[in-house]
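Chemist: Below is one structure. I have some questions about it.
The values are calculated or read from the model by the stated rules, or taken from the named source; none is laboratory data. Worth saying up front: this structure is predicted, and the values here are computed from it rather than measured. Counting neighbours? That spans all protein chains shown, and the Cβs are built from the backbone with ideal geometry, glycine included. The accessibility values were calculated without ligands, DNA or RNA, using every heavy atom of the protein model including side chains. Shrake-Rupley method; radii C 1.70, N 1.55, O 1.52, S 1.80 Å.
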Amino acid sequence: MGFELEGVGLIHDNGFRALGRISLRADRGERVAVIGPSGAGKTSLIRLLGTALRPSEGRLEILDANPWRLSAGALRRLRTRVGTIHQSPPIPPRQRVVTAIHAGRLGRWPAWKGLLSLLYPVDIAGAQATLARFDLADRLFERCDRLSGGQLQRVGIARVLYQQPDLILADEPVSALDPALADAALGELVEESVRRGASLFASLHAVDLALKWFPRIVGLRDGEVAFDLPADRVTEAMLHELYAAEGDTLPVQARDAATCAARARSSCN
Amino acid sequence: MSGTREPCEPRGAIDFCLSCVLTSALLVAAVVASFAYLDIDFPALFSHEAATSIGRFAASFFPPDLAPGFLRKTAWGALQTFAVAVVGTLLAGVAGLLCALPASGRHGAGAARLARFVLNLLRSVPELVWATLMVLAAGLGPFAGVLALALHTTGVLGRLFAEAIENAPPQPEQSLVDAGCGAVVAFVYGTLPSVWPQSVAYGLYRLEMNIRMAAVLGFVGAGGLGQMLYYHLSIFQQAQAATVLIAMFVLVLVVDALSDRLRAWMER
């Protein structure tokens, strides 16, 4: 099992309810996309699954274990098997790319190996191979603050792939990438999940990307599950209802691409 | 209409700045009272015989003693002063970082209060007082100087490091903890890169100050150039004292230049 939520709710310290009582289950190796308007609770849900937040109510199991009933050591071991891709990569600006990638596996390495790697990177080949999947192999020794936003986001994805987790969580992982790169990066994530049998749970802004790459779509609105269906049974009407608060147009990658291209053309003339 | 305007009529100094006027008056009064209390004889300072005796005193420092034997001794003293400052600052850097971790509030409010109290205590005692205490505790010599500099500088650097750690973004370290990293490694990979350049710059700045301080600490018996200076001045060997003073000047210039270079290189 990838994860299972039963009546899980989240109420922030200030009393704001981010998630209602959500019940959701994903099998091992399953790929699920969560979509919904901003403020729907997508990030909160991902942080709950990543054990960064503790649920206020309900039962939560990650990779067949209840993280909040585990001992500190067992929780650490469980966390090494869960990798979270953040929308803005949490990488110190002055860190080298190779170090940022290696940081993905620090939970599995003994402490001495992690510290030694600061003096001389212990697995240059492994980091380079992971970066190569995102066309960034030549940036291995670049400092992260010298990368563009899109490059940094791809380094953030590469770091989690290097971690080799059994459950990959992704919070808008391709929001800073142009359409072609976004498509390729999602393809790599899906490929990793298929090859290693890892569950993949990703929140996406672009509905068409979700429908293209994920067999199962969860619609989230106001902290509640609006629908949870195979991708081919999600209808245009459902999507419009989900995004009703954001106007008539659905957020999709392709249209963004079209407008971008149009803008580029007009500025050329 | 005229009734509503009345409060805006200027009333002289009171409206302009009452506290400015009062502060200025108090300052002037304090300065005048200080001069009266200290009874300084300024006319004597600018008299003819004062000028000639100042001139004679200054001239007695020249020429400096440049005999090879004494130069070697001075170089040795300069090296000792340099070593005292470097070792003292390094020890303070390590101890300061160790104190800064609890002082930044990462290990609870109680530990933070205790660490801050210790840092404040170390910082509020000046180096010279620490040196006097350390000479009593550890005996005459450079070791007392190292301890004195390390104790005071730990207080200073610890507080600066703690502030840097507090201001560093928490997400990088938190994300590593969420991926199962141990606490030490998560700090080293997540927070230290954001804190490191600033901390090293602080450390180099303190090193520059400690070079000057180490030269002075010799006066209370903590070795190095200061002790030589004190010795030769107290037996009226001004030529030797001049050599030592020049050595101090050169040492300070060299270290300032080096640490400027190092800081510029780190800023890249």
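Chemist: So residue A:122 clears everything in (1) among the β-branched types (Val, Ile, Thr); (2) in contact (Cβ under 8 Å) with a residue 24 or more places away in the chain; (3) open to solvent by 30 Å² or more (accessible area, probe 1.4 Å) except one condition, right? Which one?
Modeler: Result: residue A:122 passes all but (2).
Chemist: To continue, here is another question. Could you tell me whether residue A:178 is more than 14 Å from chain B (Cβ to nearest Cβ), on the phi < 0 side of the Ramachandran plot and open to solvent by 30 Å² or more (accessible area, probe 1.4 Å)?
Modeler: The answer is yes for residue A:178.
Chemist: It is to be established whether one or more residues within segment A:209-222 are away from every other protein chain (no Cβ under 14 Å) and closer than 22 Å to residue A:105 by Cβ.
Modeler: No, segment A:209-222 contains no residue that is away from every other protein chain (no Cβ under 14 Å) and closer than 22 Å to residue A:105 by Cβ.
Chemist: Here is a follow-up. Tell me, please, whether a residue that is touching a residue at least 12 places away in the same chain (Cβ under 8 Å), part of a helix (DSSP H, G or I) and not assigned by TED's automatic domain parsing to the domain that holds residue A:26 can be found in segment A:174-185.
Modeler: No; the residues of segment A:174-185 include none that is touching a residue at least 12 places away in the same chain (Cβ under 8 Å), part of a helix (DSSP H, G or I) and not assigned by TED's automatic domain parsing to the domain that holds residue A:26.
Chemist: Please specify each residue of segment A:217-247 satisfying the condition of being within 17 Å of residue A:206 (Cβ to Cβ) and surrounded by fewer than 19 Cβ atoms within 10 Å (Cβ to Cβ).
Modeler: A:231, A:236, A:238, A:240, A:246, A:247
Chemist: Next up: Would a scan of segment A:89-96 turn up a residue that is out of contact with any strand residue (DSSP E or B) (no Cβ under 8 Å at 6 or more places or on another chain) and more than 8 Å from chain B (Cβ to nearest Cβ)?
Modeler: yes
Chemist: Please determine whether any residue of segment B:33-56 is under 17 Å from residue B:241 (Cβ atoms), among the hydrophobic types (A, V, I, L, M, F, W, C) and outside any helix (DSSP H, G or I).
Modeler: No - not one qualifying residue is present in segment B:33-56.
Chemist: Between B:192, B:217, B:176, which is open to solvent by less than 20 Å² (accessible area, probe 1.4 Å) and within 14 Å of chain A (Cβ to nearest Cβ)?
Modeler: It is B:176.
Chemist: Of all residues in segment B:142-154, which are within 17 Å of residue B:199 (Cα to Cα) and in contact with a Gly (Cβ under 8 Å, 6 or more places away or on another chain)?
Modeler: Hits for segment B:142-154 are B:150, B:153, B:154.
Chemist: Still on this structure, please answer the following. Mind listing whichever residues of segment A:55-80 are on the phi > 0 side of the Ramachandran plot and either under 20 Å from the mean Cα position of the chain (by Cα) or part of a loop (DSSP other than H, G, I, E, B) (or both)?
Modeler: Listed by number, the residues that qualify are A:63, A:64.
Chemist: Also, I was wondering about something else. Among the residues of segment A:128-148, write down those that are away from chain B (no Cβ under 14 Å) and either open to solvent by less than 30 Å² (accessible area, probe 1.4 Å) or part of a helix (DSSP H, G or I) (or both).
Modeler: Correct list: A:128, A:129, A:130, A:131, A:132, A:134, A:136, A:137, A:138, A:139, A:140, A:147.
Chemist: Among the residues in segment A:89-100, are any crowded, with 22+ Cβ neighbours inside 10 Å and farther than 30 Å from residue A:123 by Cα?
Modeler: Scanning segment A:89-100 turns up no residue that is crowded, with 22+ Cβ neighbours inside 10 Å and farther than 30 Å from residue A:123 by Cα.
Residue-wise test of (1) of a type in the set (Ser, Thr, Tyr); (2) modelled with pLDDT of 85 or more; (3) in a helix (DSSP H, G or I).
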site: B:14; (1), (2), (3): no, no, yes
site: B:66; (1), (2), (3): no, no, no
site: B:84; (1), (2), (3): no, yes, yes
site: B:95; (1), (2), (3): no, yes, yes
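Chemist: Something else now. Give the residue that is least open to solvent (accessible area, probe 1.4 Å), with candidates limited to residues of segment A:71-80 that are within 20 Å of residue A:199 (Cβ to Cβ) and more than 7 Å from chain B (Cβ to nearest Cβ).
Modeler: Among those that are within 20 Å of residue A:199 (Cβ to Cβ) and more than 7 Å from chain B (Cβ to nearest Cβ), it is A:78.
Chemist: Also: Could you identify the single residue in B:121, B:98, B:136 that is surrounded by 13 or more Cβ atoms within 10 Å (Cβ to Cβ) and either assigned by TED's automatic domain parsing to the domain that holds residue B:150 or in contact with a His (Cβ under 8 Å, 6 or more places away or on another chain) (or both)?
Modeler: Result of the check over B:121, B:98, B:136: B:98.
Chemist: Being within 11 Å of chain B (Cβ to nearest Cβ), in a strand (DSSP E or B) and either open to solvent by less than 40 Å² (accessible area, probe 1.4 Å) or more than 30 Å from residue A:231 (Cα to Cα) (or both) narrows it down to one of A:104, A:83, A:114, so name that one.
Modeler: A:83
Chemist: Then there's this: Determine if segment A:186-201 includes at least one residue that is open to solvent by 20 Å² or more (accessible area, probe 1.4 Å) and in contact with a helix residue (DSSP H, G or I) (Cβ under 9 Å, 6 or more places away or on another chain).
Modeler: yes
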